[in-house]
Amino acid sequence: TDIFQAMAQSVIDGEKEEAARLARQAVTDGIDPLVAIDQGFVAGMRYVGEQYTLGEMFLPDLVLAAEAMKAAIAELEPEMARRGTARQVLGTVVIGTVEGDIHDIGKTLVGTLLSANGFKVYDLGVNVPLQTFLDKALEVNADIIGLSTLLTTTMINQRKFVQALEAAGVRSRFKVLVGGAPVTRSWAAEIGADGYSEDASGAVQAAIQLMQ
Ligand code: B1M
């Protein structure tokens with residue numbers, strides 16, 4: 001089996017040490033960390049999600065898979081930073097997962113890549129109330145506010161946030177970037193967000209565009 005298959009399998013099996021070992025191996029072999037994530041670890045996570053939907057895997061399996069994925073990403077982070085293009089500060093981003101949602105892997109990955117590519121990033125974590133996003137953005141004079149969500153039930157908070165900015169009279173001060181598995185370009189347009197991306201490298205491109 002090739003290394004990408006082994007990476008996927010380590011996530012499926014929830015094998016943290018194995019996932020970390022394969023991530024280190026990828027760095028040694030000169031594999032682009034993003035390729036390792038997309039073609040290896042995320043492929044495993046996709047399978048786990050499908051099996052969960054089918055009732056073949058359960059919540060504890062998701063938890064272990066997430067831990068394995070995080071262990072792998074932790075090993076890849078320094079390499080992502082090293083390969084980043086950061087030479088100057090391109091802008092300031094406040095990012096987090098919206099209230100009601102505790103998924104953090106994708107959001108953290110987006111934050112890491114933005115930081116590696118020259119953005120100053122304030123990661124507020126998960127289950128973040130809309131007011132907290134706004135308070136932090138005002139405090140650090142953010143250019144971009146990034147809202148992540150993985151649940152169809154919490155997507156509505158992205159819309160509410162755009163409305164909250166309008167109500168507070170600060171809509172034009174910030175660019176709003178949205179993403180997460182159920183989020184689509186048409187949803188982003190419908191709620192009046194400024195940017196959207198389906199993955200982490202696309203989020204960097206979107207953020208760079210928003211700064212122009
Ligand atoms: Co949950 N979960 N989960 N889960 N989980 C999903 C999302 C689900 C699709 C699984 C399924 O049913 N097949 C489903 C949602 C269904 C729906 O809403 N329609 C689901 C559910 C139901 C739940 C619970 C409600 C289960 C329960 O308790 N009964 C519960 C929610 C609790 C809560 O939040 N209140 C729950 C819990 C969990 C765990 C804690 C066990 C764990 C998360 C651990 C963690 O994050 N620390 C977990 C996991 C692991 C998943 C799946 C399997 C994988 C998510 C993931 O990490 N993907 C997921 C299935 C799936 O997504 N297919 C699922 C890897 C990650 C790299 O991708 O996060 O999509 P992703 O991020 C991508 C892009 O989306 C994008 O870039 C990233 C990198 O490419 N992106 C952005 C993300 N944010 C962005 C922001 C941007 C731009 C791009 O700009 C700001």
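The values are calculated or read from the model by the stated rules, or taken from the named source; none is laboratory data. Every value quoted in this text rests on a predicted model; they were computed, and no experiment measured them. Ideal geometry is used to build each Cβ from the backbone, glycine not excepted, and the neighbour counts take in all protein chains shown. Please note that ligands, DNA and RNA were not included when accessible areas were found on the heavy atoms of the full protein model with its side chains. Shrake-Rupley method; radii C 1.70, N 1.55, O 1.52, S 1.80 Å.
Of note:
- Among 121-132, 3-14, sorting by the average number of other beta carbon atoms lying within 10 angstrom of each residue, highest first, gives 3-14, 121-132.
- Put ARG24, ARG159 in order of accessible area, highest first, and with a 1.4 Å probe you get ARG24, ARG159.
- Cα→Cβ-extended label distance, 7 Å offset, between ALA164 and GLN51, nm: 3.7
- Phi to ³J(HN,Hα) by Karplus 6.51 cos²θ - 1.76 cosθ + 1.60 over segment 164-175, Hz, x for Gly, Pro: 5, 5, 5, 4, 7, x, 10, 4, 7, 6, 10, 9
- Cut-off 10 Å between beta-carbons: net charge of the residues surrounding ASN127, Lys and Arg +1, Asp and Glu -1: -3
- Per-peptide average of other Cβ atoms within 10 Å, ordering 162-172, 60-70, 108-118, 38-48 highest first: 108-118, 38-48, 60-70, 162-172
- Amide H within-cut-off set for VAL176, under 5 Å, with H built and near neighbours excluded: ILE145, ASP194, GLY195
- Charge dipole (Cα centre; +1 on Lys/Arg Cβ, -1 on Asp/Glu Cβ; no other charges) of the chain amounts to roughly 860 debye.
- Along segment 114-122 the Karplus relation, 6.51 cos²θ - 1.76 cosθ + 1.60 evaluated at θ = phi - 60°, assigns HN-Hα couplings of 4, 5, 5, 9, x, 9, 7, 10, 10 Hz to successive residues, with x for each Gly and Pro.
- Straight-distance crosslink candidates among aspartates and glutamates, where the alpha carbon sits under 20 Å from LYS120 and sequence neighbours closer than 8 are dropped: GLU77, GLU79, ASP104, ASP135, GLU139, ASP143, ASP194, ASP199
- Working from Cα pairs under 8 Å separated by at least six residues, relative contact order for the chain is 17 percent.
- Dipole of segment 145-204 [Lys/Arg +1, Asp/Glu -1 at C-beta], most positive-end residue of ILE156, THR184, ALA167: ALA167
- Table column - 3J(HN,Hα) (Hz), segment 150-161, Karplus curve with 6.51, -1.76, 1.60, x for Gly and Pro: 10, 10, 5, 6, 10, 4, 4, 5, 5, 5, 4, 5
- Degrees between helix 130-139 axis and first principal axis of the chain (Cα, 0 to 90, nearest 10): 70
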